[in-house]
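Participant: Starting off with a structure, shown below.
The values are calculated or read from the model by the stated rules, or taken from the named source; none is laboratory data. Just so you know, these numbers come straight off a predicted model, no measurement behind them. All Cβ positions, glycine included, derive from the backbone under ideal geometry; neighbour counts span all protein chains shown. All accessible areas refer to the heavy atoms of the entire protein, side chains included, with ligands and DNA or RNA removed. Shrake-Rupley method; radii C 1.70, N 1.55, O 1.52, S 1.80 Å.
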2 protein chains.
Amino acid sequence: MARNLLSRYPWVVSPFVVSAPMKVMSGPALAVAVSHAGGLGFIGPGAKTQDTTNDLEKASVLIKGANAIPTTSSALPVGVGYQLWADDVGIAAAAIEKYKPCAVWLYAPKQGSKDYSDWSSRIRQASPETQIWIQIGTLQEAKQLLQLSEQPDVVVVQGAESGGHGRANDSMGLMSLFPEVADAMASSRIPLFAAGGIADGRGLAAAMCLGASGAVMGTRFLAASEARISRGYQDEVVRASDGAVSTTRTLLYNHLRGTFGWPEEYSPRTIVNQSYVEQQQGKPFEELQSLHDEAAKAGDKGWGPSGRLATYAGASIGLIHDVRSAGDIVRETQHEALERLQQLFPHKN
Amino acid sequence: MARNLLSRYPWVVSPFVVSAPMKVMSGPALAVAVSHAGGLGFIGPGAKTQDTTNDLEKASVLIKGANAIPTTSSALPVGVGYQLWADDVGIAAAAIEKYKPCAVWLYAPKQGSKDYSDWSSRIRQASPETQIWIQIGTLQEAKQLLQLSEQPDVVVVQGAESGGHGRANDSMGLMSLFPEVADAMASSRIPLFAAGGIADGRGLAAAMCLGASGAVMGTRFLAASEARISRGYQDEVVRASDGAVSTTRTLLYNHLRGTFGWPEEYSPRTIVNQSYVEQQQGKPFEELQSLHDEAAKAGDKGWGPSGRLATYAGASIGLIHDVRSAGDIVRETQHEALERLQQLFPHKN
């Protein structure tokens, strides 16, 4: 199954490392760098769907230049992600037809199966060689996917450890969630990827043991030199530790940023700072809002323990200690995973 | 490190499978069966500390009989667990001196480091060959352990997926928690075991990739034929699925059972049933209490989706589909883990 999958992404080196389509922060430079290093890089959704089209244009230019990626596929060797509740399927389909990304990652529908079906048929029509990835976070979603007439090519199973938007109230750690979903989907033979809480080769190897064809990392790539991220935000990802205590799921920062409209099943994990601490202490939202807006003018100082700005990140922050090139992150993660498996393999015959 | 550890438990077959010391339910028959199959079985705390002493007596008799376990160690080849907030250190130390269990598992102190130090020095004095295992669930606890003058021999890292009592508000899935704790404790060279959400060889192999010397399973052994558990409870562990939705952490069932006194850092994960559903709907505790007490008289019918009795279990319930002998569970988990690692090992040279 994994071998068959690799044939669709001929530049990808096993074990399969994916950079998540993080909104805005996964720009074309990051996605291209990840694919260039033998992983699969996804461009994240933009503030508007048209921004993603522009990112695809930039990625295709980068790939034609010094960053050529050896591939026998006619598809663009980077993927792209859309948030179905917010993105425009018409604009997305036009971009997919024009740039033919190797994979499109669909997430957060407003109307579940209906949205997945609509998007999938538009994408299949626009670019038959493009593979459809769908991210889920619950067993129920897995069972619903099996009912779709247009089955996805890959399913990403996101655990409770994940950063940014994940399931608000029905998430669970990958250690239990992944194998239960894998059993439920086994008959479909759809390859599964694990996402959430993975930031190094230990997590990649563990995910593979649970049955994943590869691992998706988000937070680790926030600390990639190619990430489209403010310095203050990135510094905080590197600084923070103790993901269980230093991060939480809350809608507060969405509201402070004026982000509304996410389906209610979702809520983002973020590194906590003064906005959250003071909300817990009972400070009224209006005061938090004006303090937040002041902090937003302060640039990089707006992040950090005494900062007030949204710092969406996963529970793996304690495993991330430096900013590296995306290529180094991909290669070191792969190397560490192989080394782990080699150490554990009991009979070398 | 793992090899050195195995020398302390000479009957244990790699990979290292441990049955958790579940209160009352991990009786001598279960613990002896697990060790007999090449794992390490722990007797759980009893309703009173003296009950645990009686269980050690029974285990030692079992081991002298048909269940002889080949060991070169003078220690009893089963372990025993105590809940420090509730158990009597004097009674425990006397039992440890008399029966010399190979390992004592300490958990849930009322006074953190002080309790661990008191218990550890009493145990070392009572039985120098007995190894001390301490279970933690947070990075902070890991750092506190490193400050103890009497270091434990093994540390168990329990993830948020775990059943029964775990951390109430600061737990996290093993995928992120385990490697962060492992990094923090690396210099101590203390072997770490992973607990929480693991119910088969996939989880065991994954835990080893994360850096564990082995895996602890609790819920899986609730569905062992040797578990000291009501049939209705066991049936429910086998029936239930979707651990993310069907289980939750709540103090409700402790209170319905009249169990008070757990330090506030802890709260148990349980399969939800009518008691919880109706509490969420606003039914007063007194009514829930009397309905619960009625259900308790109904025997096995008191469990199940329309039952009302406590059904402490972990998020791995969806991976458990049958009651097996503990020996089969140990051997199949080991076999599946080795098979996984073998499939993933990239170069067979």
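Participant: Considering only residues that are open to solvent by less than 30 Å² (accessible area, probe 1.4 Å) and either without any contact (Cβ under 8 Å) to a residue 40 or more places away in the chain or in a strand (DSSP E or B) (or both), which ones fall in the range A:256-278? First the steps, then the outcome.
Facilitator: Step one: filter the range A:256-278 for residues open to solvent by less than 30 Å² (accessible area, probe 1.4 Å), giving A:256, A:263, A:266-271, A:273, A:275, A:278.
Once the filter is applied, which keeps residues that are open to solvent by less than 30 Å² (accessible area, probe 1.4 Å) and either without any contact (Cβ under 8 Å) to a residue 40 or more places away in the chain or in a strand (DSSP E or B) (or both), the range A:256-278 yields A:Tyr266, A:Ser267, A:Pro268, A:Arg269, A:Thr270, A:Ile271, A:Asn273, A:Ser275, A:Glu278.
Participant: Give the number of residues within the range A:1-17 that are open to solvent by 10 Å² or more (accessible area, probe 1.4 Å) and among the aromatic types (Phe, Trp, Tyr).
Facilitator: Residues meeting the conditions: 1.
Participant: Among residues belonging to the range A:210-226 that are more than 13 Å from A:Gly163 (Cβ to Cβ) and touching a Gly at 6+ places or on another chain (Cβ under 8 Å), point out the one that is nearest to the other protein chains (Cβ to nearest Cβ).
Facilitator: Of all residues in the range A:210-226, those more than 13 Å from A:Gly163 (Cβ to Cβ) come to A:210-215, A:224-226.
Still in the running and touching a Gly at 6+ places or on another chain (Cβ under 8 Å): A:210, A:215, A:226.
Numbers: A:Leu210: 5, A:Ala215: 10, A:Glu226: 24 Å.
Among those that are more than 13 Å from A:Gly163 (Cβ to Cβ) and touching a Gly at 6+ places or on another chain (Cβ under 8 Å), it is A:Leu210.
Participant: Could you tell me how many of the residues in the range A:309-328 are in a helix (DSSP H, G or I), in contact with a strand residue (DSSP E or B) (Cβ under 6 Å, 6 or more places away or on another chain) and more than 12 Å from chain B (Cβ to nearest Cβ)?
Facilitator: Initial filter on the range A:309-328 (in a helix (DSSP H, G or I)): A:315-319, A:326-328.
Pick out the ones that are also in contact with a strand residue (DSSP E or B) (Cβ under 6 Å, 6 or more places away or on another chain) and you get A:315, A:326.
With the extra rule that they be more than 12 Å from chain B (Cβ to nearest Cβ), the set shrinks to A:326.
Of the residues in that region, 1 qualify.
Participant: Just to be sure, is A:Val12 in contact with a helix residue (DSSP H, G or I) (Cβ under 7 Å, 6 or more places away or on another chain), hydrophobic (A, V, I, L, M, F, W, C), part of a helix (DSSP H, G or I) and modelled with pLDDT of 95 or more?
Facilitator: Against the criterion (in contact with a helix residue (DSSP H, G or I) (Cβ under 7 Å, 6 or more places away or on another chain), hydrophobic (A, V, I, L, M, F, W, C), part of a helix (DSSP H, G or I) and modelled with pLDDT of 95 or more), A:Val12 does not qualify.
Participant: A further question on this structure: Of the residues that make up the range B:144-167, is at least one open to solvent by 10 Å² or more (accessible area, probe 1.4 Å), among the acidic types (Asp, Glu) and closer than 26 Å to A:Arg249 by Cα?
Facilitator: Within the range B:144-167, not a single residue is open to solvent by 10 Å² or more (accessible area, probe 1.4 Å), among the acidic types (Asp, Glu) and closer than 26 Å to A:Arg249 by Cα.
Participant: Does A:Arg220 satisfy being out of contact with any Cys (no Cβ under 8 Å at 6 or more places or on another chain), among the charged types (D, E, K, R) and not assigned by TED's automatic domain parsing to the domain that holds A:Tyr276?
Facilitator: Values: out of contact with any Cys (no Cβ under 8 Å at 6 or more places or on another chain): yes; among the charged types (D, E, K, R): yes; not assigned by TED's automatic domain parsing to the domain that holds A:Tyr276: yes.
Yes: the conditions hold for A:Arg220.
Participant: Also, quick follow-up: Looking at A:Glu180, is it facing chain B (nearest Cβ under 10 Å) and over 19 Å from the mean Cα position of the chain (by Cα)? Walk me through how you get there before you give the answer.
Facilitator: Details: facing chain B (nearest Cβ under 10 Å): yes; over 19 Å from the mean Cα position of the chain (by Cα): yes.
It is true that A:Glu180 is facing chain B (nearest Cβ under 10 Å) and over 19 Å from the mean Cα position of the chain (by Cα).
Participant: State whether the residues of the range B:58-69 include one that is open to solvent by less than 60 Å² (accessible area, probe 1.4 Å) and either of a type in the set (Phe, Trp, Tyr) or closer than 30 Å to A:Met172 by Cβ (or both).
Facilitator: No, that holds for no residue.
Participant: Would you point out which residue out of A:Ala108, A:Ala68, A:Ala126, A:Ala95 is assigned by TED's automatic domain parsing to the domain that holds A:Val12 and under 21 Å from A:Gly38 (Cβ atoms)? Step through it out loud before you land on a result.
Facilitator: Working: A:Ala108 fails: under 21 Å from A:Gly38 (Cβ atoms); A:Ala126 fails: under 21 Å from A:Gly38 (Cβ atoms); A:Ala95 fails: under 21 Å from A:Gly38 (Cβ atoms).
Result of the check over A:Ala108, A:Ala68, A:Ala126, A:Ala95: A:Ala68.
Participant: Do we have B:Ser7 as of a type in the set (S, T, N, Q) and either under 21 Å from B:Gly314 (Cβ atoms) or part of a helix (DSSP H, G or I) (or both) here?
Facilitator: Working: of a type in the set (S, T, N, Q): yes; either under 21 Å from B:Gly314 (Cβ atoms) or part of a helix (DSSP H, G or I) (or both): yes.
Yes; evaluated as a whole, the condition is true for this residue.
Participant: Which residues, counting only those in the range A:33-55, are without any contact (Cβ under 8 Å) to a residue 60 or more places away in the chain and within 26 Å of A:Leu192 (Cβ to Cβ)?
Facilitator: Once the filter is applied, which keeps residues that are without any contact (Cβ under 8 Å) to a residue 60 or more places away in the chain and within 26 Å of A:Leu192 (Cβ to Cβ), the range A:33-55 yields A:Ser35, A:Ile43, A:Gly44, A:Pro45, A:Thr52.
Participant: Report yes if some residue within the range A:132-143 is away from every other protein chain (no Cβ under 14 Å) and open to solvent by 20 Å² or more (accessible area, probe 1.4 Å); otherwise report no.
Facilitator: Narrowing the range A:132-143 to residues away from every other protein chain (no Cβ under 14 Å): A:132-135.
Those still in the list that are open to solvent by 20 Å² or more (accessible area, probe 1.4 Å) too: none.
There is no residue in the range A:132-143 that is away from every other protein chain (no Cβ under 14 Å) and open to solvent by 20 Å² or more (accessible area, probe 1.4 Å).
Participant: Step by step: first the residues of the range A:187-205, then only those that are more than 12 Å from the chain's Cα centre (by Cα) and more than 8 Å from chain B (Cβ to nearest Cβ), then the one that is farthest from A:Thr219 (Cα to Cα). Which residue is that?
Facilitator: If we take residues in the range A:187-205 being more than 12 Å from the chain's Cα centre (by Cα) and more than 8 Å from chain B (Cβ to nearest Cβ), then A:Ser187 is farthest from A:Thr219 (Cα to Cα).
Participant: Okay, next question. Could you count how many residues in the range B:298-323 are of a type in the set (Lys, Arg) and within 24 Å of B:Ala244 (Cβ to Cβ)?
Facilitator: Looking only at the range B:298-323, we keep the residues that are of a type in the set (Lys, Arg), and these are B:301, B:308.
From what's left, within 24 Å of B:Ala244 (Cβ to Cβ): B:308.
Within the range B:298-323, residues that are of a type in the set (Lys, Arg) and within 24 Å of B:Ala244 (Cβ to Cβ) number 1.
Participant: Can you spot a residue in the range B:335-349 that is of a type in the set (S, T, N, Q), within 11 Å of chain A (Cβ to nearest Cβ) and buried (at least 18 other Cβ atoms within 10 Å of the Cβ)?
Facilitator: No: zero hits.
Participant: State whether the residues of the range B:236-246 include one that is open to solvent by 10 Å² or more (accessible area, probe 1.4 Å), in the same structural domain as B:Gly164 (by TED's automatic domain parsing) and among the small types (Gly, Ala, Ser). Walk me through how you get there before you give the answer.
Facilitator: Residues of the range B:236-246 open to solvent by 10 Å² or more (accessible area, probe 1.4 Å): B:238-239, B:241-242, B:244-246.
Next cut, in the same structural domain as B:Gly164 (by TED's automatic domain parsing) only: none.
No, there is no match, as no residue in the range B:236-246 is open to solvent by 10 Å² or more (accessible area, probe 1.4 Å), in the same structural domain as B:Gly164 (by TED's automatic domain parsing) and among the small types (Gly, Ala, Ser).
Participant: Here's a follow-up. Just need a number here: residues in the range B:3-22 that are touching a residue at least 40 places away in the same chain (Cβ under 8 Å) and touching a strand residue (DSSP E or B) at 6+ places or on another chain (Cβ under 7 Å).
Facilitator: 11
Participant: Something else: In the range A:267-308, what count of residues is obtained for those that are closer than 19 Å to A:Ser26 by Cβ and in contact with a Gly (Cβ under 7 Å, 6 or more places away or on another chain)? Talk me through it step by step, then tell me what you get.
Facilitator: First, pick out the residues of the range A:267-308 that are closer than 19 Å to A:Ser26 by Cβ: A:268-271, A:303.
Keeping just the survivors that are in contact with a Gly (Cβ under 7 Å, 6 or more places away or on another chain) gives A:268-269, A:303.
Matching residues across the range A:267-308 total 3.
Participant: Which members of the range A:132-170 meet the condition of being in contact with a Ser or Thr (Cβ under 9 Å, 6 or more places away or on another chain), among the charged types (D, E, K, R) and without any contact (Cβ under 8 Å) to a residue 60 or more places away in the chain?
Facilitator: Hit for the range A:132-170 is A:Glu150, nothing else.
Participant: For the subset of the range B:168-224 comprising residues that are among the basic types (Lys, Arg) and more than 15 Å from B:Ser19 (Cβ to Cβ), which member is least open to solvent (accessible area, probe 1.4 Å)?
Facilitator: Let us first name the residues in the range B:168-224 that are among the basic types (Lys, Arg), namely B:189, B:202, B:220.
This time we only want the ones that are more than 15 Å from B:Ser19 (Cβ to Cβ), so: B:189, B:202.
Working: B:Arg189: 169, B:Arg202: 20 Å².
Among residues in the range B:168-224 that are among the basic types (Lys, Arg) and more than 15 Å from B:Ser19 (Cβ to Cβ), the one least open to solvent (accessible area, probe 1.4 Å) is B:Arg202.
Participant: Search the range A:18-44 for residues being open to solvent by less than 10 Å² (accessible area, probe 1.4 Å) and among the aliphatic types (A, V, I, L, M), and hand back the single one that is farthest from the chain's Cα centre (by Cα).
Facilitator: In this case the residue turns out to be A:Val32.
Participant: For the range B:89-106, give me the residue count where each residue is without any contact (Cβ under 8 Å) to a residue 40 or more places away in the chain and out of contact with any Asp or Glu (no Cβ under 8 Å at 6 or more places or on another chain).
Facilitator: If we filter the range B:89-106 for residues that are without any contact (Cβ under 8 Å) to a residue 40 or more places away in the chain, which is where we start, we get B:89-90, B:93, B:96-97, B:100, B:104.
Filter again for out of contact with any Asp or Glu (no Cβ under 8 Å at 6 or more places or on another chain), leaving B:90, B:93, B:96-97, B:104.
Number satisfying all stated conditions: 5.
Participant: Ok, one more. Determine if the range A:286-308 includes at least one residue that is modelled with pLDDT under 95 and either in the same structural domain as A:Ser213 (by TED's automatic domain parsing) or in a helix (DSSP H, G or I) (or both). Give the steps one after another, and end with the answer.
Facilitator: So the first thing to find is which residues in the range A:286-308 are modelled with pLDDT under 95, and the list is A:298-299.
Pick out the ones that are also either in the same structural domain as A:Ser213 (by TED's automatic domain parsing) or in a helix (DSSP H, G or I) (or both) and you get A:299.
Yes - at least one qualifying residue is present in the range A:286-308.
Participant: Please determine whether any residue of the range A:45-53 is under 21 Å from A:Ala326 (Cβ atoms), in a helix (DSSP H, G or I) and either open to solvent by 50 Å² or more (accessible area, probe 1.4 Å) or at pLDDT 95 or above (or both).
Facilitator: From the range A:45-53, those under 21 Å from A:Ala326 (Cβ atoms) are A:45-46, A:51-52; that's our starting set.
Of the ones still in play, those that are also in a helix (DSSP H, G or I) are A:51-52.
Those left that are additionally either open to solvent by 50 Å² or more (accessible area, probe 1.4 Å) or at pLDDT 95 or above (or both): A:51-52.
Looking for residues that are under 21 Å from A:Ala326 (Cβ atoms), in a helix (DSSP H, G or I) and either open to solvent by 50 Å² or more (accessible area, probe 1.4 Å) or at pLDDT 95 or above (or both), one finds at least one in the range A:45-53, hence yes.
Participant: Any idea which of (1) under 16 Å from B:Gly163 (Cβ atoms); (2) assigned by TED's automatic domain parsing to the domain that holds B:Val24 is the one B:Gly327 doesn't satisfy?
Facilitator: (1)
A quick yes/no check of all residues on (1) at the interface with chain B (Cβ under 7 Å from one of its Cβ atoms); (2) not in a loop (DSSP other than H, G, I, E, B):
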residue: A:Met175; (1), (2): yes, yes
residue: A:Met185; (1), (2): no, yes
residue: A:Met208; (1), (2): yes, yes
residue: A:Ile229; (1), (2): no, no
residue: A:Val238; (1), (2): no, yes
residue: A:Val245; (1), (2): yes, yes
residue: A:Asn254; (1), (2): no, yes
